[in-house]
Structure formats: structure tokens, C-alpha cells
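Laboratory data are not the source of any read-out in this text; all were calculated from the coordinates shown. All of these numbers come straight from a predicted model, not from anything done at the bench. When we count neighbours, we look across all protein chains shown, and the Cβ atoms used for this are built from the backbone with ideal geometry, even at glycine.
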Amino acid sequence: MSRRKTIWLMLGLACTAILAGGLLLSPGRDFVHGVVNNEAFASGRPLSYWVRQLSDNDSSNRRAAIDAIGHMGRDASAAVPALASIAKSDDIALRTWAVSNGLEKIGPAAVPTLCDMMKDQDRRLRTIAIIAVGHIGPEAKVAVPSLVKALKDEFPLTRAMAANALGDMGSAAKDAVPALIEALQDKNGGVRNEASLALKKIDPKALSKATIPWVPL
């Protein structure tokens, strides 16, 4: 073998060794795993990496993971269970972040989980989940029955946000019209106002025909 061929062979082996060594490191493994499994990427890391980070002991790392997953949007639907766990068990700041910057950004695939959160004992989580569904809009139509139930929540703000969310769905929430007409007589002015605004978006004629008077704030 000539000297030149020997040098090229050694360089090739060295490059192969470097590449193999790099793949053995965690970032390399994560990258390959993400590519092989056709995962979404954010900040050069695959979804599976960020899902693992949701269990990190450092809350700042968990928050960064939520942001990264939210950046992936609908491509991050596999992260819904992990985000739901954060939303139900972490401190209230991260719980809110997991819903508004994680589940909400994922969109329709997260709606069933958000509907489940509307039954949570913590009124804050219920309300945040309702707001997220409203932001998803008409594509969250399957949440209409849950939002109708939320119009009867014991807390006025939760009831008001349920009406607001239904309004954000527009005509997709037409099945909620009877419940919204009933909400026009809610004892809380804010709820009455939101119910009226929602009806204007969903079915203006139904509002004009309503026999129950709307009492303004």
C-alpha cells in the first residue's frame, strides 16, 4: 500500500472513530433517535429529549422544555400526557405554563386532556384549561359539552371564561345556545356580559329572541 493510501485510510478510520464516539454521547444519540423516529425538533433537540426534560428536577429546565414543545406546535402531540402531568402536579406557575404554552399550542390533539382538566378540583386549573380551549377556537368543538357544564361552575370567573370560550368557537358552538341563554340570568354581571357577547358571535338571532333579559354590568 502506498504512503498516500495509508494516510487516507488512517484519516478515514479516525473520522469514523470520531463520528462513532459522537453518536455514543447523549446529544448524538438523541439526534439519531429523533431522525430515525421522524420526530419534530426544537433548538436542535428532538421531541423525546424535551419530554424527558419535563421530569427534570430543575424547574427552569422544565419550563424550557415546555417552551420547546410549544414551539413544535401540533407536531408535539406525543407530549400531551407528560404536559398533563406537569399541569396537575407542579407548582401553579408551571402548571399554568404547561397549559398555555404547551397544551394550547399543540391544539386539537390536546383538547380531550383540557376537557378532563375542566373537572379538576383546583378552580385555577379549570379556568386555565377553559381559556386554552377558547384560544384553540372552532377546532376545539368537541369541548362544547364540557364548556356548557362549566357554565354552572361555582366560581364566577370560571363561568365567565366558559362563555367566552364558547363565543371564540363561533357557530361551532351552536349547541351551547340554550345554556348561554340561561346564563343571561346568572347572578354575576360578568358572566351575563360574556354570555351575551358569546351569543352575538354564535347566533345573534337567538339573542334577539331571548325572553330572558340581559342585565348589563
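Key figures
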| quantity | calculated |
| --- | --- |
| Amide proton proximity set for Met118, modelled H, under 5 Å, gap of 5+ | none |
| Efficiency of FRET from Cβ geometry, Val142 and Lys200, R₀ 22 Å, rounded to 0.05 | 0.40 |
| Total formal charge among the other residues, if their Cβ is under 15 angstrom from that of Val32, Lys/Arg +1 and Asp/Glu -1 | 0 |
| For Thr158, Thr113, order by how many other beta-carbon atoms lie within 10 Å, fewest first | Thr113, Thr158 |
| Residues of type lysines that Lys209 reaches as a straight line, Cα spacing below 28 Å, ignoring anything fewer than 8 places off in the same chain | Lys141, Lys149, Lys152, Lys174, Lys187, Lys200, Lys201 |
| Projected label distance in nm at Arg29 and Phe155, using a 7 Å step from Cα toward the beta-carbon | 4.2 |
| Mean shadow area of the stretch 108-217 over all directions, Cα convex hull, nm² | 5.7 |
| Added length on full extension, which subtracts the Cα-Cα distance from 0.36 nm per residue, Ile92 to Val36 | 16.6 nm |
| In order through the stretch 134-147: 3J(HN,Hα) via Karplus (6.51 cos²θ - 1.76 cosθ + 1.60), integer Hz, x for Gly, Pro | x, 5, 5, x, x, 5, 9, 3, 5, 8, 4, x, 5, 5 |
| Counted charge near Asp186, where neighbours are those whose Cβ lies closer than 15 Å (Asp, Glu -1; Lys, Arg +1) | +1 |
| The stretch 108-217: relative contact order as a whole-number percent, Cα under 8 Å and 6+ apart | 22 |
| Karplus-derived HN-Hα couplings along the stretch 86-100 (A = 6.51, B = -1.76, C = 1.60, θ = phi - 60°), whole Hz, x at Gly and Pro | 4, 5, 9, 10, 8, 5, 4, 4, 6, 4, 4, 5, 5, 6, 6 |
| Rg over Rh, two decimals, the stretch 27-106 (C-alpha only, Kirkwood Rh) | 0.96 |
| Estimated FRET transfer efficiency when R0 is 41 angstrom, pair Ser43-Gln185 (beta carbons, to 0.05) | 0.20 |
| Positive minus negative residues near Arg123 (Lys, Arg vs Asp, Glu; Cβ under 10 Å) | -2 |
